[in-house]
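Undergrad: Below: one structure in structure tokens.
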């Protein structure tokens, strides 16, 4: 249980938690929804999102909640090479703590849906979960409006934060596309600048001082 009453998980491999212990839902809302989706949605009617690390599905659920409230159409492509079991996802209390009709049913469908194929979860959300390593997947050039970079931290999952991975994601984004991540590590910022991103250090959530919002 985290500080805002919502659950998180702890990785048995690294010991790292999936979210801030100060509040899982509050952190995801701050880092990905307010600092990313709300920041760049403007007058758009459709947004293409790429997520590095589907994890608990919390970011996808909160994205759907936002999309329904703003009448947006979201195309959501997430990659994860170690997805959590459907049974574990079913024990998480996120759907009970947000305001959206059918939240529990929709959250279950996100996790229970097949991998490696597009599925319409809701009229506002099409989801493609790709079960693979970020270093191996093929990403289209100039495609994504918004990237949620939500891998385990650079100290735990170094292979996800390499310059080559960041460069591939940069090329997969559209001009003026936005990338948001909770990390603000110096090496990550420097590699993003090398890729061509314009970096903004903005206030983070919880005990962290800063997070990154990067603009292509």
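Where a number appears in this text, it was derived from the coordinates with a stated rule and is not lab data. If you're wondering where the values come from, they're calculated on a predicted model, not measured in any experiment. Don't worry about glycine lacking a Cβ; one is built from the backbone with ideal geometry, like all the others, and counts go over all protein chains shown.
Undergrad: So what is the relative contact order for segment 98-216, in percent, with contacts set as C-alpha pairs under 8 Å and at least six apart?
TA: This gives 20 percent for segment 98-216.
Undergrad: Still on this structure, I have one more. Could you let me know the centre-to-centre spacing of segment 52-75 and segment 1-51, using Cα atoms, in angstrom?
TA: Cα centroid of segment 52-75 versus Cα centroid of segment 1-51: 10 Å apart.
Undergrad: So what is the 222 nm mean residue ellipticity for the chain from helices alone, if each DSSP H run of at least 4 adds -39500 (n - 2.57) and you divide by all residues, rounding to the nearest 500 deg cm²/dmol?
TA: Using -39500 (n - 2.57) per qualifying helix, the result is -7000 deg cm²/dmol.
Undergrad: Taking square-rooted eigenvalues a ≥ b ≥ c of the alpha carbon gyration tensor, is the chain rounded, prolate or oblate, where a/c under 1.5 means rounded and, failing that, a/b exceeding b/c means prolate?
TA: Working: a/c = 1.34, a/b = 1.18, b/c = 1.14.
Verdict is rounded for the chain.
Undergrad: Give me the distance between the Cα centres of segment 115-138 and segment 150-205, rounded to whole Å.
TA: When both Cα centres are located, 21 Å separates them.
Undergrad: Pull up the DSSP beta bridges for segment 24-215 and report the antiparallel fraction as a percent, rounded to 5.
TA: DSSP beta bridges in segment 24-215 are roughly 40 percent antiparallel.
Undergrad: Give me the Kirkwood hydrodynamic radius of segment 71-145, using the inverse of the mean 1/r over all pairs of distinct Cα atoms, in Å to one decimal.
TA: Answer for segment 71-145: a Kirkwood hydrodynamic radius of 13.8 Å.
Undergrad: For the chain, what is the relative contact order in percent, using Cα pairs closer than 8 Å and at least 6 residues apart in sequence?
TA: 20
Undergrad: Something else: Any idea how far apart residue 22 and residue 156 come out in nm if each label point goes 7 Å out from Cα toward Cβ?
TA: The answer from the label model is 1.7 nm.
Undergrad: Could you order peptides 140-148, 31-39 by the average number of other Cβ atoms within 10 Å of their residues, highest first?
TA: Most protected by this proxy first, the peptides run 31-39, 140-148.
Undergrad: In segment 1-102, what % of DSSP beta bridges are antiparallel (nearest 5)?
TA: Antiparallel bridges: around 10 percent, rounded to the nearest 5.
Undergrad: Given the options 17, 88, 181, which has the most mean-square fluctuation in a GNM of the chain, springs set between C-alpha atoms less than 10 angstrom apart?
TA: Of 17, 88, 181, the Gaussian network model singles out 88 as fluctuating most.
Undergrad: So for segment 31-93, averaging the separation of alpha carbon pairs under 8 Å that are six or more residues apart and normalising by length, what relative contact order in percent results?
TA: Answer for segment 31-93 is 39 percent.
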